[in-house]
């Protein structure tokens, strides 16, 4: 029995769990630092960078780590939910759709181009999945507090400012939410590219 190998695996498992927990805590905190961009999308849709730690985890520790960060941050947020878990479920599904392909592609092609391709694929997947997720689950919940007509009217005001018209919620999700979600994902990518080189050795335990 190779005790050195077993010890190394034990240290690796502890580091994996520690990093996953740390990134999950940071992601949970970042969920509180959200903000609206009313010129581009109705103000009940918020921008935040809580997927950033999950993307970092997906690159540094593997795609499963990224998915776990998405799961844990939303489980934590369930303790203060105002959506009965609907928002958290949607956030988890979209976050996982983002970081899983990003991490898988980077695992196959470990380079900046691999990370960029994986991130773009993940952001596109998140944007596409956001359409049915919002249409069938999230927005029906919103309608309990704001009528469907009021939601549509909020989009129509913004659309008019850009010189076009939207006639139903599905159009709104396609024209506004999907691009917004893609940009939100790519913003996390930009920040990750800026910081990853500096924090990766610490996360992986390879710093000197």
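The values are calculated or read from the model by the stated rules, or taken from the named source; none is laboratory data. No experiment lies behind these values; they were computed from the predicted model shown. So basically every Cβ, Gly included, is an ideal-geometry build from the backbone, and we count neighbours across all protein chains shown.
Overview of values
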| item | result |
| --- | --- |
| Residues (over 21 Å from residue 189 (Cβ atoms), free of Cβ contacts under 8 Å to residues at least 40 places away in the same chain and more than 12 Å from the chain's Cα centre (by Cα)) located in segment 59-88 | 75, 78, 79, 80, 81, 82, 85 |
| Single match in 75, 94 (criterion: more than 22 Å from residue 203 (Cα to Cα) and buried (at least 19 other Cβ atoms within 10 Å of the Cβ)) | 94 |
| Some residue of segment 143-152 being touching a residue at least 24 places away in the same chain (Cβ under 8 Å), surrounded by 19 or more Cβ atoms within 10 Å (Cβ to Cβ), in contact with a helix residue (DSSP H, G or I) (Cβ under 8 Å, 6 or more places away or on another chain) and assigned to a helix (DSSP H, G or I) | no |
| Check on residue 189, over 23 Å from residue 110 (Cα atoms) and surrounded by 14 or more Cβ atoms within 10 Å (Cβ to Cβ) | no |
| Subset tally (residues that are in a helix (DSSP H, G or I) and surrounded by 11 or more Cβ atoms within 10 Å (Cβ to Cβ)) for segment 158-177 | 12 |
| Test: residue in segment 54-64 that is over 30 Å from residue 163 (Cβ atoms), at pLDDT 90 or above and in a loop (DSSP other than H, G, I, E, B) | yes |
| Search result, residues across segment 18-54 that are touching a strand residue (DSSP E or B) at 6+ places or on another chain (Cβ under 9 Å) and either surrounded by fewer than 17 Cβ atoms within 10 Å (Cβ to Cβ) or free of Cβ contacts under 8 Å to residues at least 12 places away in the same chain (or both) | 34, 35, 36, 37, 43, 44, 46, 47 |
| Odd one out for residue 84 among (1) out of contact with any helix residue (DSSP H, G or I) (no Cβ under 6 Å at 6 or more places or on another chain); (2) modelled with pLDDT of 95 or more | (2) |
| Residue match in segment 89-98 (condition: out of contact with any helix residue (DSSP H, G or I) (no Cβ under 7 Å at 6 or more places or on another chain) and free of Cβ contacts under 8 Å to residues at least 24 places away in the same chain) | no |
| Given (1) modelled with pLDDT under 95; (2) not in a helix (DSSP H, G or I), number of the condition residue 50 does not satisfy | (1) |
| Complete set of residues in segment 12-39 that are part of a loop (DSSP other than H, G, I, E, B) and in contact with a helix residue (DSSP H, G or I) (Cβ under 7 Å, 6 or more places away or on another chain) | 31 |
| Which listed residue, of 193, 182, is in a helix (DSSP H, G or I) and touching a helix residue (DSSP H, G or I) at 6+ places or on another chain (Cβ under 7 Å) | 182 |
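Here is a yes/no grid of residues against (1) part of a helix (DSSP H, G or I); (2) crowded, with 18+ Cβ neighbours inside 10 Å; (3) at pLDDT 95 or above:
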| residue | (1), (2), (3) |
| --- | --- |
| 105 | yes, yes, yes |
| 119 | yes, yes, yes |
| 125 | yes, yes, yes |
| 129 | yes, yes, yes |
| 132 | yes, no, yes |
| 141 | yes, no, no |
